[in-house]
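A short write-up of the structure that comes next.
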Amino acid sequence: MCIAAPGKVIKIEGKKALIEYPGNEERYAMITEENAVRVGSFVSVQMGLIVNVLSKAESLSAQKAWSKN
């Protein structure tokens with residue numbers, strides 16, 4: 001089972017976005033909905049794909065849940 005990880009878009013290069021995750025980890029993910037993702041967007045990433053754009057509140061809630069594990 002894969003779980004989507006919450007992060008924040010800090011850079012966009014074509015169809016790839018650089019995502020900052022909690023703990024200052026950064027990785028690239030593929031953008032699946034180009035019009036919805038912008039620098040500063042909060043997103044959830046699963047298997048290297050941005051699967052959802054989150055509100056800031058949703059992202060903070062997801063990050064809190066991740067930090068418990």
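What follows draws every value from the coordinates through simple rules; no lab data is involved. What you see is a predicted model; the values in this text were computed from it and never measured. All Cβ positions, even for glycine, are placed from backbone atoms using ideal geometry, and neighbour counts span all protein chains on display.
In order along region 7-14, the phi-based Karplus estimate (6.51 cos²θ - 1.76 cosθ + 1.60, θ = phi - 60°) of 3J(HN,Hα) comes to x, 10, 6, 10, 6, 10, 10, x Hz; Gly and Pro are listed as x. For residue 49, the amide hydrogen comes within under 5 Å of the amide hydrogens of 30, counting only partners 5 or more places away or on other chains and with H modelled in the peptide plane.
If Lys and Arg each add +1 and Asp and Glu each add -1, what is the summed charge of the other residues whose beta carbon sits under 10 Å from the beta carbon of residue 30?
Counting the neighbours of residue 30, the net charge comes to +2.
Loop-located trypsin sites (Lys or Arg not before Pro) in region 11-47 (DSSP state other than H, G, I, E, B) with a sparse environment of at most 13 neighbouring Cβ atoms within 10 Å: 15, 38.
Take 47, 30 and order them by how many other Cβ atoms sit within 10 Å, fewest up front.
47, 30
Restricting the GluC sites (Glu not before Pro) of the chain to loop positions (DSSP other than H, G, I, E, B) with no more than 15 neighbouring Cβ atoms within 10 Å leaves 33, 34.
Angle, helix 56-67 long axis vs. longest principal axis of the chain, Cα atoms, 0 to 90°, nearest 10? Its long axis makes an angle of about 50 degrees.
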